[in-house]
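> I'd like to ask some things about the structure below.
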Amino acid sequence: MAQAWGTLHPPTPQPVSAAACPDIATLCARHGGRADAVIEVLLDLQHAKGCVSDADVAAVALALNLSRAEVHGVRSFYTDLTPEPVAHRRIRLCRAEACQSVGAERLRVALEVRLGTAIDQAGPDAEVALETVYCLGNCALGPGVMVGDRLVGRATVDRVLAALPAGEDGDP
Amino acid sequence: MTTPLTLFIPRDAAARSVGADAVARAVAAEGERRGLDLTIIRTGSRGLFWLEPLVEVVRDGVRYGFGPVTPDAVSGLLAGVAAGRDDHPTALGPVEAIPYLARQRRITFARCGLADPLDLDAYRTLGGLKGLHAAARLSPEAIVDAVTESGLRGRGGAGFPAGIKWKTVLQQPDAPKYVCCNADEGDSGTFADRMLMEGDPFTLLEGMAIAGMATGATQGFVYVRSEYPAAIATLSAALAVWRRHGLLGADILGSGRAFDITLRRGAGAYICGEESAMLESLEGKRGQVRIKPPIPAIAGLFGRPTVVNNVLTLATVPMILAAAGGETPPYQTLGVGRSTGTQAFQLAGNIRHGGLVELPFGVSLRTLIEAFGGGTRSGRPVRAVQVGGPLGAFLPAGALDVPMTYEALAEAGAMLGHGGIVVFDDTVDMAAQAEFSFHFCAEESCGKCTPCRIGAVRGAETVAKIRRGQEVEANLTLVADLCELMTDGSLCAMGGLTPMPVLSAIRHFPEDFRAQPPTAAHPHLEEVTP
Ligand SMILES: Cc1cc2nc3c(=O)[nH]c(=O)nc-3n(C[C@H](O)[C@H](O)[C@H](O)COP(=O)(O)O)c2cc1C
Ligand code: SF4
Ligand code: FES
């Protein structure tokens, strides 16, 4: 890492879409091949493929001139990075204090019943995953839920499920 | 041909979470159907979240508000507006006259919600870039002096004077130097950073560029948490606009000084809001806290001198420099004692009028919760208020007269943190909250030191026993001991401050920690602990 500050940081590349994920060498090149951008690269892979596999860890390590242990260590530290694929459709329920105060745990139970799945227990091939998150920055309009990349405020089971099919744009 | 109409509809994630996009689509469709000459401008939010989606219509240069608007209401709303009437059921009158907004003192958030956040011309019209132009004419020392004189303190939580930090960085002979903006905003009950990044991102970039000019730093980073995809998208678009207009690069505004900014995403780790863990993460490593000293101002990112500031700290700097020598009263005349300037208070949780309230330090917590917030959303009495995020104290309803300053809150055994205010009604079980505080620390601990890593797990187990009525007295003593150990022995404030919510809950709400099943005392209780 000694030289890391020496070269210029390339402008922020747009996050990749799931449809068009370049190969790992290209992904790394987008960040100037800088080792400090490893989390960016892993996030791109996670979004595109739903996980960061062991093979990806090895390939990223090679491309960024890091050891496999370093990249593995990064993957295991951050909640967003997972070795196993996450479900395509994700419901992330905020369970932090502000949302607790307006019934986040009641909503959790109701969602668990409705989806037939316990929170944070979805296996790799689950249709829908219900996951815990701590704060989505929507604490004045809780309970907050993120369905895909879309925020649902004053969430109810119906509003969450209504947001589920599309999960990309538009409103509940 | 009808008279042209301009409408403003927020594109802020919170506004969209309650239907702003659907309203915008309905407005466009209805305008077409009625043959109206409409311009729809998507803005940031004003921060009056209970009124979202808030639609604003310009008439005679005044912006009239309507909210909360549903897609179904759009047809009637546009019919009235087109006929020059202001009698729709959602009509709020001139937005600037809504008391919630009129009674605020907006400085950091002066521009938020007024314009398309990516429209650089609108930004200039609203006074943007004045601070950067002023800085470009000043020596680094003079910029640092202006920030020091303003009394601006860090808004991320610790409240350290920004000018002193900048001066330390300026004095370092090492190069390159860095400016790192902490946009990890992980505290429950806070959304001000998000609102600003989505609603007025250029102000943040301007503040960072000024920090670069002041300290000799040439490279900036913004570290944004991944839970904020809309802020990430807006910021990255804002960076592209700035680059296109030569506001980033080799020579900023002919000052001969270079500055560039790279956006980096977090990956779901609360501890990466702690500045040294953030720097580790920016270096591509596990987000583990570093041992201090050295402080980041001397050896920060890649071991180089680094300014680490919160979003709001940096976004206030342009206003301070723009005002210097102008007609507005200087920043340091606002506030109380050593709590200078304004604070973006965030009203959250069980509150009727949740949103952002920027006011000089010194306003009471009661005024914020009652006069602005309108009490609880549930309509039940306020029982507890957590100020300053998950590491902040719980205050009982009887303690709301505390003035909101760093000093008065410290005296009350509390802290301001990032300005989040989370209200709970009388159905809250404070023992469950105490257990959650430990649980959160256990979940989010970076694992570097034992008091935090082990203490938090033990703490959560012990409070769970108390809640089950097991050896309550002995276990309360054990919790007190654990808290002492964590306070004294933790490497950073994650472990060091978790005792604050726990002990304040025990101190102010002892009845919730008694040996009876809490459900008997609190029929409305819901399970809180995961
Ligand atoms: C556990 C923990 C979490 C923190 N989270 C944040 C955060 O999300 N945003 C932030 O600006 N500061 C956060 N801080 C404070 C930073 O360490 C640091 O004081 C701050 O970024 C400095 O900027 P300022 O002086 O402008 O406040 C956190 C501190 C701790 C101990
Ligand atoms: S107190 Fe907790 S979060 Fe802070 S360094 Fe120690 S283990 Fe890490
Ligand atoms: S606490 Fe749930 S969105 Fe902030």
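Only the coordinates and a few stated rules stand behind these numbers; no lab work does. No experiment lies behind these values; they were computed from the predicted model shown. Reconstructed Cβ throughout: ideal geometry from the backbone, glycine too, with neighbour counts over all protein chains shown.
> Using a 10 Å cut-off on Cβ to Cβ distances, tally the other chain neighbours for every residue of B:252-265 and report the average as a whole number. Don't skip to the answer; put the middle values down first.
On the way: counts 0, 0, 0, 0, 0, 0, 1, 0, 4, 3, 12, 5, 8, 7.
The shielding value for this peptide is 3.
> Within 10 Å of each Cβ in peptide B:175-185, how many partner chain Cβ atoms are there on average? Round it to a whole number, please.
1
> What dipole magnitude, in Debye to the nearest 20, does the protein assembly as shown give about its Cα centre under +1 on Lys/Arg Cβ and -1 on Asp/Glu Cβ? Spell out each step's value before the answer.
Details: 63 positive and 76 negative charges, 172 e Å.
That gives the protein assembly as shown a dipole magnitude of about 820 debye.
> Here is a further query. If you average 1/r across every pair of different Cα atoms in the protein assembly as shown and take the reciprocal, what Kirkwood value do you get, in Å?
Evaluated on the protein assembly as shown, it is 25.8 Å.
> For a paramagnetic label modelled at 7 Å from the Cα of B:His245 toward its Cβ, which residues of region B:204-239 fall within the zone defined by backbone nitrogen distances under 13 Å?
Answer for this model: B:204-207, B:238-239.
> Within chain B, which DSSP H helices have Cα atoms that stretch 24 Å or more along the helix axis and a mean Kyte-Doolittle hydropathy of at least 0.0?
Result, helices passing both filters: B:450-467, B:472-489.
> Let me have the relative contact order for chain B, percent, based on Cα pairs under 8 Å that are six or more residues apart.
13 percent
> Let me ask you something else. With +1 on each Lys and Arg Cβ and -1 on each Asp and Glu Cβ, how big is the dipole of region A:19-172 about its Cα centre, in debye rounded to the nearest 20?
300 debye
> With the dipole of chain B worked out from charges on the C-beta (+1 for Lys and Arg, -1 for Asp and Glu) around the Cα centre, which of B:Leu38, B:Ile210, B:Tyr228 lies farthest toward the positive end?
B:Ile210
> Hey, another quick one. Per-residue mean of other chain beta-carbon atoms within 10 angstrom of the beta-carbon, peptide B:232-243?
That works out to 2 on average.
> Are any of the pairs B:Lys165/B:Lys448; B:Lys167/B:Lys292; B:Lys285/B:Lys448; B:Lys292/B:Lys448 more than 23 Å apart by Cα-Cα distance, and if so, which? Walk me through the intermediate numbers first.
On the way: B:Lys165/B:Lys448 26 Å; B:Lys167/B:Lys292 19 Å; B:Lys285/B:Lys448 14 Å; B:Lys292/B:Lys448 13 Å.
From the list (B:Lys165/B:Lys448; B:Lys167/B:Lys292; B:Lys285/B:Lys448; B:Lys292/B:Lys448), the Cα-Cα distance tops 23 Å for B:Lys165/B:Lys448.
> Using the charge dipole of chain B (Lys, Arg: +1 at Cβ; Asp, Glu: -1 at Cβ; taken about the Cα centre), state which of B:Leu77, B:Gly303, B:Val423 has its Cα farthest towards the positive end.
B:Gly303
> Considering only B:Gly254, B:Gly273, B:Leu347, whose Cα is most displaced toward the positive end of the charge dipole of the protein assembly as shown, charges sitting on Cβ of Lys, Arg (+1) and Asp, Glu (-1)?
Toward the positive end, the furthest listed residue is B:Gly254.
> Determine the distance separating the Cα centre of region A:27-48 from the Cα centre of region B:1-43; give it in Å without decimals.
Spelled out, the Cα-based centre of one part sits 37 Å from the other.
> Taking only DSSP H segments of four or more residues, each worth -39500 (n - 2.57), what value at 222 nm results for chain B once the sum is divided by all its residues, to the nearest 500 deg cm²/dmol? Don't skip to the answer; put the middle values down first.
Working: 20 runs with 202 residues, N = 530.
The helix-only estimate for chain B comes to -11000 deg cm²/dmol at 222 nm.
> Oh, and also: If the cut-off is 12 Å between C-alpha atoms, which aspartates and glutamates fall inside it for B:Lys465, apart from same-chain ones fewer than 8 positions away?
B:Glu435, B:Glu473
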